[in-house]
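Written out below as structure tokens is the structure these notes cover.
The values are calculated or read from the model by the stated rules, or taken from the named source; none is laboratory data. This is a predicted model, so every value here is computed, not measured. As a convention, Cβ positions derive from the backbone with ideal geometry for all residues, glycine included, and neighbour counts pool all protein chains shown.
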Amino acid sequence: MPFPPSILAAWREDSGPRLSDLRVLWNAVLAWRAVRAAMTAAMVVVCAFLAWKATDNQLTQTLFGLDAHDSIRRFLAGTQSRPFAYRVFAPGLIRLARDVLHVPALARAAPAFLAAKVPVICARYGTGRESSCNEIVSYFFVGFWLYLGFLLTMYAMALRLFRGSIILGAATVYLAFALENAIILRGLSHTYDWGTLLFGALFLWCLLAERPLLFTLLMPVACLNKETAVLYAAPFLFAQLGRLPFRRNLALFATQLASFLVVYGAERLYFAANPGTWMEIHLAGQIYLFSEHITLPLLFGLLGAVVLAFYRFPDKHPALRASCIMILPWAVLFLIGAVPREIRDTFELLPLLVLMTMQSLVAFVLPAPEAAPRAR
């Protein structure tokens, strides 16, 4: 296969190869479509492996599904306690995988290395205590694809932010996986967590790619996964200022709020007879945790992470800056409604924080043209 002119141009007949300018040669190689296609295919494989690993850890290394808040069996039966009963997106996909696609039967008929995973997952998870093996296998299938979608969306956004750099795209994917994995390995994860990550990433992609209609269509589906997805409506409103005519921006924003009210109102009515309440209050426990159990090393570590994420904030992509408007209402809801130490609730912000942190890290290493966002 002949080399493209961009690669041949990196060599000079009068002076031999440009050994002193490896970066030019590297960029020329990456400009070759076959190379980029191969590297993109490799990234998909890597993302699939990480999705498998993350879902395996979620099922076997956490309390997933083994507490009153997250029983797959209760979700599928419609008897889950409120407000968890409102999060019906993942249970609906589990039902589809089990009853329509017949995933459990397909898994047992799969090649040996896949089929052997079924009893291992079910045994380590604790089949029979809260959910059957068929339900667990169906969730593994659903969780894998949701998480794979999350990683691929993070990769696509990194390509937009970093001028198509596959290396920085891969680094973004791994940072997202590493942070999420560190959080769930603290022992707690819920059925709707992977959907929360996916929809958060999709919302940000819509803002970066300027897809306001798609963003609006995603809102009711995301609210079926978790009602707090409505927090992303505020970033939409601010990000579209100057992009869309004001009336259209306001109309789409109002449509998003209306779709949330319809979805959430219908769920409140449908599950009105279920036990529980519309929102659990844990403010007293949170105050005690932050006042008595936050050590100085932990506090300085958290402050360091915040400083890194917000380093050179004016240089961040405008859509990411606008998305930060949701941090304050999220923090209020976290303090009031999250179980103390339940840091998995940060999944709503994790895609945003990963992208901002990557922009900060790139700004430390690369010159301004590569680190700067594509501002408008």
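Residue pairs, Cβ under 9 Å, 6 or more apart or interchain, first in region 216-232 and of a type in the set (Lys, Arg), second not in a helix (DSSP H, G or I). List them.
LYS226/ARG87; LYS226/TYR192
Against the definition (under 12 Å from the mean Cα position of the chain (by Cα) and surrounded by fewer than 23 Cβ atoms within 10 Å (Cβ to Cβ)), how does LEU175 come out, yes or no? So that I can check it myself, show each step before the final result.
Details: under 12 Å from the mean Cα position of the chain (by Cα): yes; surrounded by fewer than 23 Cβ atoms within 10 Å (Cβ to Cβ): yes.
Answer is yes for this residue.
Every residue in region 333-376 that is outside any loop (DSSP other than H, G, I, E, B), at pLDDT below 65 and surrounded by fewer than 17 Cβ atoms within 10 Å (Cβ to Cβ), please.
Of the residues in region 333-376, the ones outside any loop (DSSP other than H, G, I, E, B) are 333-337, 343-348, 350-365, 368-371.
Filter once more, so that each one left must be at pLDDT below 65: 368-371.
Result: ALA368, PRO369, GLU370.
List every residue pair whose Cβ atoms sit under 7 Å apart, with the two residues 6 or more apart in sequence or on different chains, where the first one lies in region 112-123 and is free of Cβ contacts under 8 Å to residues at least 12 places away in the same chain and surrounded by fewer than 16 Cβ atoms within 10 Å (Cβ to Cβ) and the second, anywhere, is small (Gly, Ala, Ser) and assigned to a helix (DSSP H, G or I).
Hits for this filter: LEU114/ALA107; ALA115/ALA107.
Name the residues in region 265-279 that are surrounded by 17 or more Cβ atoms within 10 Å (Cβ to Cβ) and either of a type in the set (Gly, Ala, Ser) or touching a Cys at 6+ places or on another chain (Cβ under 6 Å) (or both), would you?
Matches in region 265-279: none.
Cβ-Cβ under 7 Å, sequence separation 6+ or interchain: first residue in region 347-362 and of a type in the set (A, V, I, L, M), partner buried (at least 21 other Cβ atoms within 10 Å of the Cβ) and not in a helix (DSSP H, G or I). Which pairs?
Hits for this filter: MET356/LYS316; VAL362/PHE162.
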